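The block underneath contains the structure these notes are about, expressed in structure tokens.
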Amino acid sequence: MVEHRPFGTALAHLTLLIGIAILAFPVYLAFVASTWDAATIANGKMPLTPGPLFLENYWRTLFVGTSGTTRQPVGGMLFNSFVMAMTIAIGKIVISLTSAFAVVYFRFPFRMTIFWLIFVTLMLPVEVRIYPTYKIVADLNMLDTYAGLTIPLIASATATLLFRQFFMTVPDELVEASKIDGAGPMKFFRDTLVPLSVTSVAAMFVIQFIYGWNQYLWPLLITTRDDMQTIVIGIKKMIVTQDALTEWQLAMATAVLAMLPPVLVVIVMQKLFVRGLVETEK
Amino acid sequence: MAEVVLTGVGKTYAGGVTAVTDVEFTVPDGAFCVLVGPSGCGKSTLLRMIAGLETITTGTVSIGGRVVNAVEPAERDIAMVFQNYALYPHMSVYDNMAYGLRNRGTPKAEIETRVREAARVLELGDLLARKPRQLSGGQRQRVAMGRAIVRKPQVFLFDEPLSNLDAKLRVQMRVEIRRLQRSLATTSVYVTHDQLEAMTLADMLVVMNKGRVEQIGAPLDLYRRPETLFVAGFIGAPPMNLIDVAIGPDGLRPVAGDAGIVGGLGIAVPATGARLGIRPEHLHVVGDEPAPEGGIALSYTVSAVEAVGAETFLHGRLGATGPDVVIREPGTIAAAPGTVRRVVARRDDLHLFDRETGRRIPLDA
Ligand SMILES: Nc1ncnc2c1ncn2[C@@H]1O[C@H](COP(=O)(O)OP(=O)(O)OP(=O)(O)O)[C@@H](O)[C@H]1O
Ligand SMILES: [Mg+2]
């Protein structure tokens, strides 16, 4: 939309600014809280400007851990979360790309049945099948392992459907031109289909990375050892309700740290991500 | 170099649609064969069977003396230019042309030489680093041609390669394709539904209708001597005038309208009726001189005059109420709408067809 009305522009900006303020203020508050000491936060009169303890608090959070509760440095949790989110995102993309390729480009018996089976799993997220999935993972001795943490979450109907839709819009002539150019199915997949899917892959990566990063229930069940904890669980465990005093400054530092990787992923992938959602390059 | 031989070729799609029936012809080595016909007549299907993109239900296709029914497209030694070009969007112009060669394990230096040569011939030299989306329609078309010629295949296949271009560019590319094909002398099969394109490109024209071949021959032979009503009506623009005729007491007369035709043809017209075909340029407006020997004279009511400069098209009817007839005269003719004129045609310029079977009835028998 191309319009040149100063008032309209000002109004639009104002609306956006208010929206941003509403969204950003709590985040800012969390950051401010992470730079004061526990007593300042606890007395209910926390200043709205950052305090003097930025370096100390983050150092403690990352490498030392809280004094009372988990006692686990957040650095390790960050690493665990990162491994989990990456494995889930990449795993989902690889599996979905190949299964969408199979469903769209090959005529094999029960092709549609298989497609519908994949489709139906949309209705069966981990939360629904949690008991059998847990049982299998436990029987395979995968508790407290990265494999146990990620593999059950990798299969993805959403990504398969997205790639299937995308593949169906790729003109048949491209397949035919490849055939004539002497490229077999796998070569076509590698040389043409995957490069054409880059933007969709980027969009999927962002969505699935955040999905993996935010996992709570599954890691809670599958990890018992403190050194296998993910950061999302770490935050929860830091906030104690009874007895001890919550070290709010460390919990807030952890929250800020937990936010950073997804934000970084979005910023880095932003250009590709937006293109993947709005434009198809064909 | 190779000839393409089709024997009894037919295609029935999985759903039971029969798209092509019993097609039989040979494209001689180095010839430019054009498949032409209305939409849905099975041209693309036939071409795709030659390419190996569609299975062959009946009959055989052979290229260079080798039956290729069960041979993969890549092994048939053909190259194809698609209607929407089908360039790889993510590859540069250079890579688009080089891809097929790379897959065949052609040495790098050889690929380089061939692509540069093709780019020179097609004037794509400055565009090699661009992506297809940064090219104009005509340039994409040339890249698609380039991708075909670098391979030095035995046969080129084209499926309506010019239909996405504007009229001017189409004429230009048509000339270019023809020139390229002549200089490379590669056997080519070209599909189009544009009869002008077909006439100008073809050494050998195959007119198809409803999955069958209607007539095969040199373009001008088809123009001069169409064997069926379909070919008569399809080839030529404006199309041939086709008039239902019957035998009256004074010879031939049109079935509809009053007796406008003077002069019998001296041949037996089948009981089912016949259709007389006369091309617009073969009708001449005259004074009151007699019809040429063995030919016919008609009375013609002019209803509209279209002067386009070099020539003038007259639209009107036979007699006063007869069928519509178009006449093409030199631009110098003077005719006013509403006037009645005498029109003659030579016997050699007349075509007579059986109305039922659509076959030609020879006039010289
Ligand atoms: N994959 C298919 N499955 C079933 N029927 C098909 C298929 N492809 C084409 N047909 C049918 O076969 C007939 C011939 O199609 P074809 O594409 O060869 O026509 P065409 O002569 O190339 O027409 P156009 O000039 O419109 O491209 C049509 O009736 C069409 O509906
Ligand atoms: Mg077609």
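With Cα atoms as the point set, the radius of gyration and Dmax of the stretch B:264-365 evaluate to 14.4, 43 Å. The simple Förster model, with R0 at 51 Å and r as the Cβ-Cβ distance, assigns residue A:120 and residue A:22 a FRET efficiency of 0.85. When shorter helices are ignored and each DSSP H run of at least 4 residues is given -39500 (n - 2.57), the per-residue value for chain A at 222 nm works out to -21000 deg cm²/dmol.
Here, the stretch A:131-282 is characterised by an Rg to Rh ratio of 1.12, where Rg is the alpha-carbon radius of gyration and Rh the Kirkwood radius. Inter-part distance, the stretch A:131-176 to the stretch B:1-41, computed on C-alpha centroids, equals 45 Å. The share of C-alpha pairs in the protein assembly as shown whose separation exceeds 39 Å stands at 57 percent.
Rolling a 1.4 angstrom probe over the protein heavy atoms with all chains in place gives the protein assembly as shown an accessible area of 48 Å² per residue. For the set A:112, B:91, A:269, solvent exposure ranked by accessible area (probe 1.4 Å, protein chains only) runs largest to smallest as A:112, A:269, B:91.
Quick one: P(r) of the stretch A:65-126 from all Cα-Cα pairs, 5 Å bins, percents rounded to integers, in order of increasing distance. With a bin width of 5 Å, the distribution comes to 4, 14, 14, 16, 12, 10, 8, 8, 6, 5, 3, 1, 0. Filter the cross-link list A:92/B:131; B:11/B:168; B:11/B:152; B:43/B:168 down to pairs whose alpha-carbon distance in this structure exceeds 32 Å. Beyond 32 Å: B:11/B:168. Each of residue B:332 and residue A:37 was given a label point 7 Å from its Cα along the Cα-to-Cβ line. The distance between the two points is 11.5 nm. Across chain A, Cα-Cα distances exceeding 35 Å account for 36% of all pairs. Working value for the stretch A:8-70: equivalent-ellipsoid semi-axes of 33, 13, 10 Å, each the square root of 5 times a Cα gyration tensor eigenvalue, largest first.
Taking 1.567 mPa s as the viscosity and 4 °C as the temperature, the Stokes-Einstein diffusion coefficient of the stretch B:39-169 based on its alpha-carbon Kirkwood radius rounds to 83 µm²/s. Please report, ordered by residue number, every helix of chain A (full DSSP H runs) that is 27 Å or longer along its axis going by C-alpha atoms and whose mean Kyte-Doolittle hydropathy reaches 1.0. Helix filter hits for chain A: A:6-33, A:74-105, A:248-278. Extents of the stretch A:21-119, taken as max minus min of Cα coordinates on every principal axis and listed largest first, are 68, 33, 20 Å.
These residues, A:210, B:56, B:63, A:136, go from largest to smallest accessible area, 1.4 Å probe, as A:136, A:210, B:56, B:63. Within the straight-line cut-off of under 12 Å between alpha carbons, the aspartates and glutamates reachable from residue B:210 are B:22, sequence neighbours fewer than 8 places apart in one chain being disregarded. The accessible area of residue B:106, taken with all protein chains in place and a 1.4 Å probe, comes to roughly 30 Å². Measuring with a 1.4 angstrom probe and ignoring ligands and nucleic acids, residue A:40 comes out at about 30 Å² accessible. To the nearest 10, the accessible area of residue A:213 is 0 Å² with a 1.4 Å probe. Projecting label points 7 angstrom from Cα along Cα→Cβ for residue A:136 and residue B:340 puts them 9.2 nm apart. Accessible surface buried by the B/A pair amounts to about 1700 Å², both sides summed, 1.4 Å probe.
If you bin all the Cα-Cα distances of the stretch B:4-229 at 10 Å, starting from zero, the percentages per bin are 8, 33, 36, 19, 4, 0. Full extension of the chain segment joining residue B:348 with residue B:7 gains 119.3 nm, where the gain is 0.36 nm per residue of separation less the Cα-Cα distance. Partners of residue A:45 within straight-line reach, counting lysines whose Cα lies under 26 Å from its Cα and excluding those fewer than 8 residues away in the same chain: A:236, A:237.
A crude spin-label estimate for the pair residue B:24 and residue A:263, with each label 7 Å from Cα along the Cβ direction, gives 7.9 nm.
Note on residue A:135: aspartates and glutamates with a C-alpha under 17 Å away, same-chain residues under 8 apart excluded, are A:127, A:144.
The values are calculated or read from the model by the stated rules, or taken from the named source; none is laboratory data. Bear in mind the structure is a predicted one, so any value in this text is a computation, not a measurement. FYI the Cβ positions are ideal-geometry reconstructions off the backbone, even for glycines, and counts take in every protein chain you see. Accessible surface areas use protein heavy atoms only, side chains included; no ligands, DNA or RNA. Shrake-Rupley method; radii C 1.70, N 1.55, O 1.52, S 1.80 Å.
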